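Please treat every number below as a calculation from the coordinates, not as lab data. All figures in this text were calculated on a predicted structure; none of them were measured in a lab. Here Cβ is always computed from backbone atoms with ideal geometry, including for glycine, and neighbour counts include all displayed protein chains.
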Amino acid sequence: MAEAHDQLTPDVVRPLLRGRFGTPYRWSPECASTQDVLRDGELPEGAVAVTEHQTGGRGRSGRAWEDVAGRSLLASCLLRPAAGAPAEQLSLVTGLAVAEAIDRLAGVRSELKWPNDVLVGEAKVAGILLESSRGGVVCGVGVNVDHVATELPDGTRLRPTSLRAVTGRRHDRAALLAELLLALERHYDTWAAAGLAPLLPALEARNALRGARVAIGGVAGVVGPIAPDGRLSLTRDDGSAVLVASGEAQVLGST
Ligand code: BTN
């Protein structure tokens, strides 16, 4: 268990919050998954659940998300986009917020592996999971913050890393959470008002796959820009263009 001064308790986090996201703030030393804490149906947009350790952390595609107590940022935020809004775009909106918060706090340059992984170099430092819940979207973020190399999970699709492994020092998880919530609120409000278009330049600047040869769900091609609706553009070997809506990109090489 994390030491008392190091926990993301409400008394530590609340004074750092600068926007409406993070209220109410639900913290527990341990839970199954922060995603489930926000499922009671009555909570307002911006409600956040954080824990030091998950016993049933979930990743994408039915995978588990493992953590070491007190080392990660494990947070979920409840969003309530308008009915009919393309909520799948929220993984890019959230990814941008995570990447910016990480860079500000750790002084690194992170990138986005479409649609929802955050990389430093070629290694994954954070992942995003969107789940729908009774008219809302629970947006879960897991960031490997203070893991030493031996604490990082084995057998993952992408090589994992942590901010500590990258920078050689520990980082302030409470400050990272506050930065993340502020950036998420700002980008979410922009998206809710005007869609993905205003965020595209910032997303494209962090598009880790641009120019790579990838396979996504049976389609192989070279990655072009992220489209205005959040789909990823690919150019197949025969020169034809295709837009991919979802899936995990397997990198086959760079062009
Ligand atoms: C992925 O990369 O597969 C997504 C990982 C998402 C993990 C976070 S940790 C906080 C929230 N609670 C969960 O059970 N999952 C998300």
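Arranged from fewest to most other beta-carbon atoms within 10 Å of their beta carbon, S110, S72 become S110, S72. Legend: P(r) of region 101-188 from all alpha carbon pair distances, 5 Å bins from 0, whole percents, reading 3, 13, 23, 27, 18, 10, 5, 1, 0.
When the Cα gyration tensor is reduced to axis lengths a ≥ b ≥ c, the ratio a/c is 1.5 or higher for region 126-255, and with a/b not above b/c it is classed as oblate. Within region 13-117, DSSP assigns beta bridges of which about 55% are antiparallel (rounded to the nearest 5). Relative to the longest principal axis of the Cα atoms of the chain, the long axis of helix 90-106 makes an angle of roughly 60 degrees.
Taking the convex hull of the alpha carbon positions in region 166-226 and averaging its projected area over all directions gives 6.5 nm².
Rg and Dmax over the alpha-carbon atoms of region 186-255 stand at 12.9, 41 Å.
For E52, the residues whose modelled amide H falls within less than 5 Å of its own, excluding neighbours fewer than 5 places apart on the same chain, are S28, E30. One way to sum up the overall shape of the chain is the equivalent ellipsoid from its Cα gyration tensor, whose semi-axes run 29, 21, 16 Å, largest first.
What percent do you get for the relative contact order of the chain when only Cα pairs under 8 Å and 6+ apart count? Relative contact order, the chain: 17 percent. If exposed GluC sites (Glu not before Pro) are those in a DSSP loop with at most 12 other Cβ within 10 Å, what is the longest stretch of the chain that has none? Longest stretch, sites excluded: 123-255. Rounded, prolate or oblate: pick one for region 1-53, where a ≥ b ≥ c are the square roots of the eigenvalues of its C-alpha gyration tensor, a/c under 1.5 means rounded, and failing that, prolate if a/b is larger than b/c, else oblate. Oblate, since a/c reaches 1.5 and b/c is not below a/b. Take the Cα radius of gyration of region 100-150 and divide it by 2.2 N^0.38 Å, N being the number of residues; the result is 1.30.
Quick one: grab the alpha carbon gyration tensor of region 7-98, order the square roots of its eigenvalues as a ≥ b ≥ c, and give me rounded if a/c is under 1.5, else prolate or oblate depending on whether a/b is larger than b/c. Note, shape of region 7-98 comes out oblate. Taking the empirical scaling 2.2 N^0.38 Å for compact globular proteins as reference, region 60-155 has a Cα radius of gyration ratio of 1.11. Using Cα atoms only, what is the angle between the long axis of helix 173-194 and the major principal axis of the chain, expressed in degrees (0 to 90) to the nearest 10? The answer is roughly 50 degrees.
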